[in-house]
1. Enter the Cα centre distance for the pair the range 11-31 and the range 66-95, rounded to the nearest angstrom.
2. About the Cα centre of the chain, what is the dipole size in debye to 20, counting +1 per Lys and Arg Cβ and -1 per Asp and Glu Cβ, all else neutral?
3. Return 21, 93, 27, 76 ranked ascending by Cβ neighbour count within 10 Å, so the fewest neighbours appear first.
4. Any idea how far apart residue 91 and residue 57 come out in nm if each label point goes 7 Å out from Cα toward Cβ?
5. Quick one: order 13, 85 by neighbouring beta-carbon count within 10 Å, fewest to most.
6. Return the single residue from 29, 49, 37 with maximal mean-square fluctuation; model: Gaussian network over the chain, springs between Cα atoms under 10 Å.
7. Looking at the range 17-65, which trypsin sites (Lys or Arg not before Pro) are DSSP coil and have at most 15 other C-beta atoms within 10 Å of their C-beta?
8. What lysines sit close enough to residue 73 to cross-link, taking a C-alpha to C-alpha distance under 17 Å and skipping anything fewer than 8 places away on the same chain?
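Please treat every number below as a calculation from the coordinates, not as lab data. Since we're looking at a predicted model, the values are computed, not measured. No Cβ is skipped: glycine too gets one built from the backbone with ideal geometry, and neighbour counts run over all protein chains shown.
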Amino acid sequence: MASPRRSRPARFIHRNKGTCSTEVAFSVVNGRMHNVVFTGGCKGNTQGVARMVEGCAPDEVLKRLKGILCGDKPTSCPDQLARAIEAWKRESSRA
């Protein structure tokens, strides 16, 4: 007898704008952020951000990261994650 298939959480992918990282992807399971991965960017910083937000509520991550700037850029990798969460929330509310 075949074992029941487990559904995998949907992966949300956001194309970043104005940063060295080109995209950020994540899953939200039971209201918590998981498997955050940045493509490109400063590897140490993006890995650090990804680990710091693992298991956190998206709204808390959004509140903490929105508006962070990188040098003279109008955004940053953490800010792009916050923008990705905003986009995820918009898409989730339509579903």
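1. So the two Cα centres are separated by 9 Å.
2. Details: 17 positive and 8 negative charges, 61 e Å.
That gives a dipole near 300 debye.
3. If I rank by nearby Cβ atoms, fewest first, I get 93, 27, 21, 76.
4. Spacing of the two 7 Å Cα→Cβ label points: 2.3 nm.
5. Starting with the residue having the fewest Cβ neighbours, the order is 13, 85.
6. Among 29, 49, 37, the largest mean-square fluctuation in the Gaussian network model of the chain belongs to 29.
7. 17
8. Output for residue 73: 17.
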